[in-house]
1. I'd like to know if region 232-239 contains one or more residues that are without any contact (Cβ under 8 Å) to a residue 40 or more places away in the chain and either within 30 Å of residue 98 (Cβ to Cβ) or in contact with a helix residue (DSSP H, G or I) (Cβ under 6 Å, 6 or more places away or on another chain) (or both).
2. Within region 244-261, is there a residue that is under 30 Å from residue 189 (Cβ atoms) and under 32 Å from the mean Cα position of the chain (by Cα)?
3. Considering only region 124-181, how many residues are modelled with pLDDT under 85 and part of a loop (DSSP other than H, G, I, E, B)?
4. Looking at region 185-209 only, could you name the residues that are open to solvent by 20 Å² or more (accessible area, probe 1.4 Å), on the phi < 0 side of the Ramachandran plot and outside any helix (DSSP H, G or I)?
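The values are calculated or read from the model by the stated rules, or taken from the named source; none is laboratory data. Note that this is a predicted model, so its numbers are computed, not measured. Cβ coordinates were reconstructed from backbone atoms using ideal geometry, including for glycine residues, and neighbour counts include every protein chain displayed. The protein model used for the area step is the full one, side chains on, heavy atoms only, and it has no ligands, DNA or RNA in it. Shrake-Rupley method; radii C 1.70, N 1.55, O 1.52, S 1.80 Å.
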Amino acid sequence: MSTTANVPIVEGAAPPQPEPAKVTFLRSPVPPNPLGEGKFIRTAGCLIIGDEILNGKTHDKNSNTFAKFCFDLGIEVKRIEVVPDEEEDIIEAARRMVSLYDCVITSGGIGPTHDDITYSSLAAAFGQELVYNDECIKRMTEFSKARYDFTKQSEEQKTARLRMALFPKGGEVLFCNEDLWVPVVRLEGKLCIFPGIPRLFNEMLMGLAPYLPLPPSSERPFRHLIHTGRPESSIAPFLTELANRTKPEGIRVGSYPDFRVGVTVSLIGKDQARLRVLQEEVVKALDGTVVAEGKVGEEEKK
């Protein structure tokens with residue numbers, strides 16, 4: 001056995017192939033605020049599409065990623081739903097969520113196979129026809145040509161591939177990532193269509209952030225976490241009274257038990273001075289210890 005560039009070569013075997021050249025693209029310019037000047041996202045919904053989620057074949061990670069993304073920015077996720085690869089279910093859920101929330105994302109169902117019906121279903125939901133996007137086809141071809149010779153594909157195979165560039169006509173096609181040909185298509189200024197592959201979903205969600213009218217930092221809440229060794233049943237009456245008392249102030253009280261370890265109590269609100277007063281009350285009442293406090297996503301551990 002010999003080596004070339006630290007890669008073992010087995011005698012008689014084909015030499016290792018070089019990595020395909022990296023392809024990068026220009027990002028789309030940021031369009032005007034789709035919600036209107038001065039407005040920003042306050043509420044959101046998440047629509048996960050796919051039979052494979054409902055039958056347990058695939059574990060949904062994307063709704064969790066989106067919920068954390070929103071929470072850290074001070075956006076309230078109001079609903080997460082999973083629907084099958086059925087047009088009527090997708091249409092109903094998409095219309096309802098867009099009517100209720102400032103931002104809605106879908107995940108799944110945008111590949112080349114027969115059950116990838118998200119684009120066509122959402123086009124039908126908002127009365128639009130499907131059209132090929134030339135820029136997407138161009139990027140798709142450029143990205144893929146170093147990996148596969150598409151001239152070898154049959155006409156049926158080429159048609160299947162091009163389905164991934166067949167979008168609702170009225171949608172914004174946002175190329176948010178330099179290293180991906182896949183765009184985020186936004187409908188009605190609110191509904192953003194994502195692939196279901198978790199790695200792609202995460203990368204594209206981060207890339208989309210500059211294109212979203214996100215809340216200013218002042219809208220992000222504070223979160224204080226207090227740990228107690230008492231069982232949840234013992235602290236339940238106190239937390240119930242505290243939650244009812246502080247709800248009119250916009251403060252949320254939560255409890256998160258850890259088996260045989262105790263409970264972490266969370267206080268979430270926009271007035272940190274008030275949270276600190278309540279924090280002291282919780283520490284005293286539950287013989288607790290403060291474990292973290294600060295702006296959501298920037299909490300300082302104690």
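1. Restricting attention to region 232-239, the residues satisfying the condition of being without any contact (Cβ under 8 Å) to a residue 40 or more places away in the chain are 232-234, 236-237, 239.
Filter once more, so that each one left must be either within 30 Å of residue 98 (Cβ to Cβ) or in contact with a helix residue (DSSP H, G or I) (Cβ under 6 Å, 6 or more places away or on another chain) (or both): none.
Taking every residue of region 232-239 in turn, none turns out to be without any contact (Cβ under 8 Å) to a residue 40 or more places away in the chain and either within 30 Å of residue 98 (Cβ to Cβ) or in contact with a helix residue (DSSP H, G or I) (Cβ under 6 Å, 6 or more places away or on another chain) (or both).
2. The answer is yes; a qualifying residue exists.
3. Qualifying residue count, region 124-181: 7.
4. Scanning region 185-209 gives 190, 196, 197.
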